[in-house]
Every structure is written in C-alpha cells, then in structure tokens.
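Have a look at the structure below before the remarks.
A short reminder: the numbers here are calculations on the coordinates, not readings from a lab. This one's a predicted model, so the numbers in the text were calculated from it and none came from an experiment. Here the Cβ positions follow ideal geometry from the backbone for every residue, glycine too, while neighbour counts run over all protein chains shown.
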Amino acid sequence: MYLPDFEYFTPNSVEEACRLLSQYGSKAVAIAGGTDILVKMKKEVMAPEVLVSIGHLSELKKIEYVPGKGVVIGAGVTHNEVMNSKILHEKYLSVSEAAHQMANNQVRNLGTIGGNICNAVPSADMPPILIALDTTVKIVGAKGERTMPLENVFKGPNQTVLENDELITEFVIPDGNFTGSTYIKFGLRASGALAVVGVAASVQMEGDIVKDARIVLGAVSPVPVRAKEAENFLRGKKAGEELFAEAGVIASGECRPISDIRGSAEYRRDMVRVFTRRALLKAVNEGHV
Amino acid sequence: MAKEFSYLNFNRNKEYSYIGKSLKRTDILDKVTGRGKFTADLKFSNMLYGKLIRSTEAHARIIKIDTSEAEKLPGVRAIITAKDVPSIKYGLSPARYDETIFCIDKVRYYGDKIGAICAVDEETLYKALKLIKVEYEVLPAVFTPAEAAKEGAPQIFEEYPGNINTEIHLEFGDVEKAKKEAYYIRTDRLQGQRTVHGFIEPHCSIAYWEGKRVTIHSAHQSAHYLQHHIARIFNMKEGDVRVILPYIGAGFGGKLDVSGLDVAAVALSKITGQPVKMFFDLEEVWYNGRARHGMDMKYTTGVTKEGKILFVESEIILDGGAYTGLGVASSYYAGALLTVLYDFDNYRFDAYRYVTNLPPCGAQRGHGQPHPRYAFESHLDHIAEDLGIDPIDIRLLNARRANTVTPNGYEVKAYYLKEANEMARDVSGWKEKKGKLPKGRGIGVGNGGFVTGAGYCMYRTDLPHSIAMIKVYDDGTHAVVYTNAVDIGQGSDTVLTQMAAQAMGYPYEDITICTRDTDLSTLDFGAYASRQTLMAGWAVKRAGEDVKRKILAQAAEMLKVKEDGGYRFGKLTPEELECEEGIVYVKQEPAVNITFAEVARAYFVKHGVLIGRGYYHPGKLGGTHKGAAVGTSPAYSSATQIAEVEVDMETGLTKVVGTWDVHDSGFVVNPQLLHGQVHGAFSMGIGETIWEKVIFDEKGRVLNGNFAEYRLPTALDMPYVESLVVDTFEPNGPWGVKEVGEGATTPTLGCVANAVYDAIGVRISELPLTPEKIWRALKEAEGAKEKGGK
Ligand SMILES: Cc1cc2nc3c(=O)[nH]c(=O)nc-3n(C[C@H](O)[C@H](O)[C@H](O)COP(=O)(O)OP(=O)(O)OC[C@H]3O[C@@H](n4cnc5c(N)ncnc54)[C@H](O)[C@@H]3O)c2cc1C
C-alpha cells in the first residue's frame, strides 16, 4: 500500500479552509485526524489531489458549556479529549463513554468527532449518542453558515448533506430535559472492533413515567436511525423491564440491517432488541452513563 | 521392560548460578528502545524495492503477461516471470516439492506468484505494478475439501489425482477386536478453521550478490533451511549462500517456508546487480498462507465402564490450500501425538489432505495439533458426561505415564501429565466449580503437549541438528557463543546464553551471543518444533563444558594448595577443581582460587585461542511404519489447561474470565520466559477458539486480511492467567529441559470450548465459537426444546 501524491495545505482559519476547498472543488477534501481518510487513500478507495488540514485549527478545538445554549464541542476535538472532558463528565458522561468505546488509544488520540460524523459510516460510534441528545451542528461554507439537527446530516453510507466547501465547525448538545442517556456498543472484542450494533437511548423521566425517549440505532441501517415507533410506544408509560423489552422488539422491527462479515442481518436485528432494552434500563436507572 | 524411575521433584533442591532464573533478556534494550533492526529496517546503497506480481484469479491458465507498459515507466529496473528463472520445483516436504519460483502456465490461488518486479523506489514500484496486465483463461476452482473431492472436480495438480495431496492409513494394535470389548463407544465430528499466525512483522527479504556468492537478509525462522533451499533452487553450493537473519518479529511457523520474496530477491539482484528488498504488505501475509490447516475431524472411541480408553479411530480431512509446503508433516502430526497424551493400545488414523484453490496451509504453533486436540478433548468430555465421570477423572485415568513407549513407537521418558491435571484441578478450584456454576458460566479442561524438537531433519541428511562454539576473548574478559539457533522472540538467545554461562562457570553479563548468520555462526536447524532449548541447548552446554574442561586443565597447572604446612604447585588435577561464576577454585579448599580470566589468558598465551565446541544429534528414533519419523522426539512435554468462561446468553459473547496452565516442561531455564510463552499461548488459543478465522469470498479473495477484521484478542480481552509447572527432569534434555512454546497452545482450544459447552449446555461443532454461532445454537436448542415439549 502506498499513499498517492497529493498537495497539502495548512490554512490558518476555517474561513481560509473553506476558501481552499471551494477553490479546488471536487479535487480537494478536508483532513482532520486522518484516521479514516488516510486509510481510504492507502487502499485507493479515494485519491484526492488536495488535502486541506483542519485538525490543527484551534477554533475547532473547544469544549465549553454556554448557559442557555448547551454543551458546545468543536469539530476538531479528538475522541480522547471527549473522553477526558470534565464538562462532559459532569453533563453527559454518556458522550465521553461513547468516545471511550471507540477504536484504541492511538486512534482516539488522532481521530476527531467531526471526522467521525463526516465520514458517515453506518457503524460510527458518535452519531447515535449525539442524536439521542438532540445535538445540532453548525456548518460553515465559503458562502455562509447554517445549523441543522445532526440527525439530518446523513444521506447514506459515506454521504452527508455537506457541500464540497462546507465544514462542520461545532456540535451543540442543547440544554434539555433528558434525565438519562447511554450508548452501548456491541463489538466483537473488547477493543479495536467496529460496532456490530450500537444502540443509544435517552430518556426524560417524571417519577417512574417515561415522558419522552430517544432510541438511536447504529450499524443497522445505511444511516443512524431513530426507532420512532418504539419511542412513541414508550411515551407516557411506566418504566419497567417488561416495557423496555417490548420496546426492544419494536425497535428491532424498525432497523434495516445487512449481512456482512461481522454479522448476519438476522443476528443484528435481534441484538437491537437486546441492546435497546439494556440501554433503556441503564438510562432510566443510572442517568447519563 | 521400562525401568521404574521417577523424574519428579528433581530440581527442588538444586540451585544454579545462571539457570532456573529469570535473568534479563539479552535483546531487551534493543527491543524496548527500538534500536534493534528488523529486515525491513535495513537499507543498502543502490537498493531496489521489489514486489511479487500476484494472481488475481484463483485457478486459471496464464495466456499472456504484458509487462511492456510497466517497463516503460522510468525507475523500473527489472520485471521477471517464470521464463527468466530456473523451473525447478521446491517446497518443504521432499516427497512433494510442487512449487516453482513463479507460476508456469497455471495459477492455483488468488495471490499466487506470477512474477516479480523491482524499481528504484516504492512509489514507482506500486505505480508499475498496476501497469502489468495478465490475461487468463479462467478455470473452475475448488475452495473446500468437499468440492475438491467431488467426482469431476477440477484438477489442481496433475500429480494429485482427485486433488488428494497426502493420504494416511495407519493402524496400531487391533481396533476391530477392541471394538468388541468396549463397554461404550461414541463418535463425534468437529471442525477446526483456517487461521493465520498473527505475527506483526510481515515477511521481508533483501538479497545482493558479491561475485559468485549471494547474501540474503530475511525474516525467517531458520538460517539453515533457507540456505539449503536457495542453494538447491539456484543450483549453487551451500557455501556460496550466506543467510543473515536480523531480529524477527515472530514466526509461529509462518516464516519457515522459503517465501516467494526470498527467491525473487535472489533472482532480481542477480539480474540488476543491485541489492533488492522484497516485502509483503500486511494483507499479502494472508495470501502467503502457510498457517493452520482447516480440519474436519471424526473420532470414534471405545472405553470400559470406568472410562479407560480401549481404542480410538480417527479420520481427519485437511484443507491444504494450493501447495504442499509443510503439509505432509502437518497431516501426520494431526494424528501422531494423541498416543503420547493418552495410554491406549489400539489406534487407527486415517487422513486426507486435499489441495484447494486457496493460499497454501502449513505449520502454525503446535503444528497440526491444536485442532485435533480441540476435537478429541471435546469428544472425551462427552464420553465422560455420558458415563457420569468427571472430565478430569477420565483424563487422570488415561494419562500416559513416564518411561513408556507409545503404540506408534515413541519413547516417552519424563511425562507427568497426571500430576499436571491434579495440580490444575486444585489451583483452579475445579471441584468447587464444576457442575455448580450458574447458567452462562462454565469451566472446562483440556490436555496437550508437544515434541521437544523433531527427531529428523526435514530433508534427508546425517548432519547434526545443532552445533555450538564458544570463543573466549584473549584476555579472558568476554566470551561469545556461536549458534544459528533462531530467536524469533521466544527468547532462545537469552536461554542459550544462560546455559553457556552455567556450563562454563562464567558470568552471564560477560557473554554475548552471535546467531543467525551462516558465515559467522554455526549450524542449527532453527526455530521450529520447539527445539531450540533442548537441541541448541545440548550443543551450547557441551561447548561450555569443553571450555570449562580446558580452563580447569590450565588452572590445575597454576593453582597451589597447602600440603603438610607447605605448598604443592602444579600437581593438582582438573578433577580437584571447579569453576563457577568466573572463579576457578579447589573443591576441597575454595579459598584457594584464581579468576577464569587469568586462567584463560594463560591458556591463550600457551595454546592460542580458547574455543569450546559442542554438537547434538538425537540419534535414531521411532518405529518403521510409513511416516514413523513425524512425531519422534527426544522428549515430550505435557500440559493441562483449565478455563473459566462467562457467556452472555442473549448475545452469545464469551468472556474468558480465568485460565490456568500447568506444564510439565522439565527443568525451567528461565521461568519468566516460560510464563511469557504460556500467556502468549492463551492469547493465541483463545483467539482461535472465539474469534479468528480467515474468510474468503467466492473468488478466493481474503476478506479479512488485516487486524481490524481478523480479530486477535487484545490486552483487554485477556483473562486472568495462572502459569505453573510440575517440577520434573527430562533425562534426554540438557539439565533436564523440555519444550513449552508450542505445547502450551495445544490444550487451549479444547479447554475453552469445553468451558463454553459447560456454560451453555450446547456443543458447537465448528470453531471459532463466535457470538453469533453461540446465539444461533442457543436459539436452535430453545426451539428444539419447545418442539419437544409440545
Ligand atoms: C484502527 C481504527 C479503528 C477505528 N475504530 C473506530 C471505532 O471503533 N468506531 C468508530 O466510529 N470509528 C472508528 N474508526 C474510524 C475513525 O477513526 C473515526 O471515524 C474518526 O473519528 C475519524 O476522524 P478523523 O479526524 O481521523 O477523520 P479524517 O480521516 O480526517 O476525515 C474523515 C472524513 O471526514 C471529513 N471531515 C473531517 N472533519 C470534518 C469537518 N469538520 N467538516 C467536514 N468534513 C470533515 C474528511 O474530509 C474525511 O472525508 C477507526 C479507525 C481506525 C483506523
């Protein structure tokens, strides 16, 4: 394997990065940690002529809490930074834990949250928990900026709604009413395995009544999907193992898994059932974990 | 009659200066600082970079190879195919040399070697590779032994009708008679999968010519075999081939074959007159194959009411892949060593190794053993269960004892499997756990063991198996051990240096070891069949003792002792002296002494260089039946392993929570290195039981040729490991040593599989026991129960 030739830019700002991306058009792509893109280039799945580095931009590196807005995470924040963030430990340990379950230490040191979203593979670990917490993204391009729910960013495997000259700059987890959330990754070994199934759940409890819930499934559809029927089913009901087991059955009917070398569709579907139940129980009983 | 003699508890009261201790590894600083050089780290001026041109069809006739576009690319130095090199056939099993340097007419697996190319740098090389066009006439391919065996199946080799590459039919004792006497007979059939070794360093080879001689630096497990085969293939004298093996990033059996890289590097450097470095990308290691055969194993065993084995009948079918390599030996090994483990008289072993259009299989840690051990240990557990006997009790009843001869002709000296079983049972808490764990939790046992070095060279020769030489510096302040024993990470350099220090009576810190260079060092067959500690150990011990003999003779002339108030001088005999830790002293009066260095210097002045020599040959071993040589060895290790697992009954995910290994490894030279082997063996064995399997698509392409999708266990997957030894002494080993490296992998698959069975109550007959397979098996069992209930 050998990296093909490419030109490499290190712009000084997001603005300059977007300008470069716009200038070189379809020949150019952004590179953050490079843990996805360099692998693809070595495997010759893609051969961009121009790489525009954004991993070093300090404006993309913050994690902060803005009262009234929520937790803001820059797109260039690495998984290890997410994993070790005090702010996230206080507010949403579940997000740190999701990052902790990813890859291995080396990859977590380089790989960014922005890259994980924009690479848009069905098995990615960060989308489910972030969607479950109603995260929105800020997108900046050569022609301006826009915001949208993260849920709407994905179009298909390796495809997002982003234009060629657009970058995600930040993620906002809004102050919300969720009382608990969690992400369970089911991989085939303890470390360095991609998800066969990933299930995130968030709940808003009033006493023992489920007022609201989100269930987001990873690795079982072309894009991360919400199990909306299961969510509806839960609303207003009294929490309990049986209820969550039923929600699991409903969720397993909502996914569209494929068979690949990591698991058959049939198996994945059943794992959605199991992990939806487990995730809901955890989110209800243990808070944001 | 075998003499009644126990080699148990032999070493308890022995205290040596340099052996039996966990001394620091000789290579520790090189490895932890990264200073140590592996083949891929080496650079020579004017060096070219080369790769193999590999087939993109599994089975096809080569119509045309068009290299013209590639040749036009500036920087490309040479492109060669079959027409440019000798057409001699080679391999590792002399009876089945069936590989050529490059494919002549036909490719036999996706990845097969069509030619080789070299260029001034890697960039040009990869670009040029893409410009080479091969036109094929695609032939139908077979990917499993079942397909290969079908009538009318495509024939992969003319010389293997029906695609049968090796066929074995052996019988010892009288199985039919025993069948009539058996109280209970049971048959089980299980499958083991095709795996890869999982070493981190891909193969790499650099060659250059100086006049008529060629030098090869290679990531290889045996300097000697590489030298021998290169000389044979290129019709050269062995003396004109120099092999140097830099540090090696593990082998596990996968660096024993002459790889296409070695041969191509020699050919290309001859043509270009420049050094050529050939290398594999990681994925190409999967295509090179040479790893564990997939096996389909059927065992029928008859026992008495008490569980004593009366006969075993076994049939093993091996998926050999495209060429033979070590496959003949793998096939024999698959059946050979069961008789060492358990003591029974009547044994039938049939085996068929098929060629298929997949990468060739060969040796992997425990060569031919782990799958049959897994199958038989599972089978034995079922027999025990059917008879209501505890799995350990049935093993205690059948375990072979010391000083016996197996029905297939192996002489077994020290052998304490029974003691290993008892010890493992006691330290693991077996009695408290077996049958008493909650559902989803289980405990299992497995036995295994291995040869300590093969009794015979891979090709016919009368050469000794190992030679060692020790040279002491002129002033006696340093010594160098010469042997071509190959340290592939297992630590043989350390162990052999310890042995040299002990034999010489000379400080470990003042000895270096010069290995892995056929010009500089001395013959040894290399690292395979767990042979280095015993075989190279004998040679080194003898060389060390030779040095010591000379030192004591010299010292006898130099020391004087008090006698009747006066001194006598020069009249001491060597027998009155001893040398330890660099000091020569009079045994009766240790205060009278002199340093080794002083004596060595005096020796040098008088006789010239002080050299000790040693050699080792195991002598004639084994019976006379066909294939009797495979499995012969001067010594057999044995081991019992116990594993405790926790299975998620909903997802099928197995977590191994505890493991115990008790090894009868003879005298242990370096306990830490032994435990390291045991930890590594568990990691490899657990991986093969739960995760690992090479997956192909319908074209014979590898789908998981990387460490993300070919999942070896990570540190986080490793359970608690307890590694213990039975204190034994092997009379055929220097200081009583035996092997541990491969034997420790052989019980793991069986013991983990038995633990999973204990946890879930369903036997899955095919490795690996992936979560999905367990999930499916549990669902099917559930379905069957419901049906049965209605
Ligand atoms: C060994 C290994 C193990 C892995 N394990 C996991 C795992 O367990 N779970 C998992 O989810 N992933 C895993 N990955 C994938 C990868 O590490 C992650 O997806 C990572 O988050 C990618 O981030 P990056 O910064 O390295 O992305 P890059 O490779 O730099 O970029 C990926 C893509 O996103 C685009 N991009 C990056 N940042 C932005 C941005 N701000 N705006 C717009 N586009 C952008 C790039 O143009 C590129 O197309 C693994 C990768 C490896 C090599």
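Details
- Size of charge dipole - region B:685-790 - debye, nearest 20, with Cβ of Lys, Arg +1 and Asp, Glu -1, no other charges: 580 debye
- Linear extension gain, B:ILE200 paired with B:ILE695, 0.36 nm per residue minus alpha-carbon span: 176.3 nm
- Note on A:ARG146/A:HIS89: beta-carbon distance plugged into 1/(1 + (r/R0)^6) with R0 of 35 Å gives a FRET efficiency of 0.70.
- Debye, to nearest 20: dipole size of the protein assembly as shown, +1 on Lys, Arg Cβ, -1 on Asp, Glu Cβ: 620 debye
- Calculated FRET efficiency, A:SER22 to B:ILE28, Cβ-Cβ distance, R0 = 60 Å: about 0.65 to the nearest 0.05.
- When only alpha carbons are used to place a centre, region B:148-201 and region B:711-790 end up 22 Å from one another.
- Point-charge dipole on Cβ atoms (K/R +1, D/E -1) for chain A, about Cα centre, debye to 20: 480 debye
- Distance (nanometres) between label positions extended 7 Å along Cα→Cβ at B:ASP475 and B:GLU137: 7.5 nm
- Shown here: region A:78-121, whose C-alpha atoms stretch 28, 20, 13 Å along the first, second and third principal axes, sorted largest to smallest.
- Inter-site label distance for B:GLU598 and A:ASN232 at 7 Å from Cα along Cβ, in nm: 9.9 nm
- Taking B:HIS203, B:HIS478, B:HIS607 and counting other C-beta atoms within 10 Å, the order from fewest to most: B:HIS607, B:HIS478, B:HIS203
- Cα convex hull volume per residue for region A:180-286 (Å³): 85 Å³
- Ratio Rg/Rh [Cα only; Rh per Kirkwood] for the protein assembly as shown: 1.01
- Fewest neighbouring Cβ atoms within 10 Å first, the residues B:ILE642, B:ILE551 line up as B:ILE551, B:ILE642.
- Put simply, when B:448-459, A:198-209 are sorted by average Cβ atoms within 10 angstrom per residue, most first, you get B:448-459, A:198-209.
- Placing unit charges on each Cβ (+1 for Lys and Arg, -1 for Asp and Glu) gives region A:189-289 a dipole about its Cα centre, and among A:GLY240, A:ASN285, A:GLY263 the Cα reaching farthest toward its positive end belongs to A:GLY263.
- Where the Cα pairs of region A:29-124 fall when distances are cut into 5 Å bins, in %: 3, 13, 22, 24, 18, 10, 5, 3, 1, 0
- Alpha-carbon centroid distance for the pair region B:532-556 / region B:461-495, whole angstrom: 11 Å
- The residues packed around A:LYS238, meaning those with a beta-carbon under 15 Å from its beta-carbon, carry a net charge of -3 if Lys and Arg are +1 and Asp and Glu are -1.
- Cα centroid separation - region B:309-362 against region A:204-259, whole Å: 52 Å
- Sorting B:678-690, A:241-253, A:217-229 by average packing, meaning the other beta carbons within 10 Å per residue, from highest down gives B:678-690, A:217-229, A:241-253.
- Loop GluC sites (Glu not before Pro), region B:10-105, which have at most 15 other Cβ atoms in a 10 Å radius of their Cβ (DSSP): B:GLU15
- Descending by average beta-carbon neighbour count within 10 Å, the peptides B:266-277, B:612-623 line up as B:266-277, B:612-623, the highest first.
- Per-residue HN-Hα couplings for region B:719-728 [Karplus 6.51, -1.76, 1.60; θ = phi - 60°; Hz; x = Gly/Pro]: x, 4, 10, 10, 10, 10, 10, 7, 7, 9
- Cross-link reach list, lysines versus B:LYS180, counting only Cα pairs under 26 Å and skipping chain neighbours closer than eight places: B:LYS298, B:LYS305, B:LYS308
- Cβ-based charge dipole, chain A, positive-most Cα from A:ALA98, A:GLN23, A:THR160: A:ALA98
- If the segment from B:GLU557 to B:SER45 were pulled out straight at 0.36 nm per residue, it would be longer than the present Cα-Cα gap by 179.0 nm.
- Look at the stretch B:710-718: the mean tally of other chain Cβ atoms within 10 Å of its residues' Cβ atoms is 4.
- On full extension, the segment bounded by B:LYS431 and B:GLU158 gains 92.6 nm, given 0.36 nm per residue less the C-alpha separation.
- Between the helical axis of A:241-254 and the longest alpha-carbon principal axis of chain A there is an angle of about 40 degrees.
- In this simple spin-label model, placing a label point 7 Å from the Cα along the Cα-to-Cβ direction at both B:GLU782 and A:ILE261 gives a separation of 2.9 nm.
- Among B:LEU170, A:LEU38, A:LEU280, the ranking by other beta carbons within 10 Å of each residue's beta carbon, starting with the fewest, stands as A:LEU38, B:LEU170, A:LEU280.
- Rounded D (µm²/s) - region B:559-692, Kirkwood Rh over Cα pairs, Stokes-Einstein at 10 °C, 1.306 mPa s: 73 µm²/s
- Mean per-residue shielding of peptide A:181-193 is 4, counting Cβ atoms of other chains within 10 Å of each Cβ.
- Put simply, the C-alpha atoms of chain B give a gyration tensor, and the ellipsoid matching it has half-axes of 43, 38, 22 Å, longest first.
- Cα long-axis angle, helix A:265-286 against chain A (0 to 90 degrees, to the nearest 10): 70 degrees
- Loop-located GluC sites (Glu not before Pro) in region B:129-179 (DSSP state other than H, G, I, E, B) with a sparse environment of at most 12 neighbouring Cβ atoms within 10 Å: B:GLU151, B:GLU158, B:GLU159.
- Spread over its residues, the convex hull of the C-alpha atoms of region A:58-174 is 99 Å³ per residue.
- Between B:HIS625 and B:GLU151, the FRET efficiency from the beta-carbon distance, with R0 = 25 Å, is close to 0.20.
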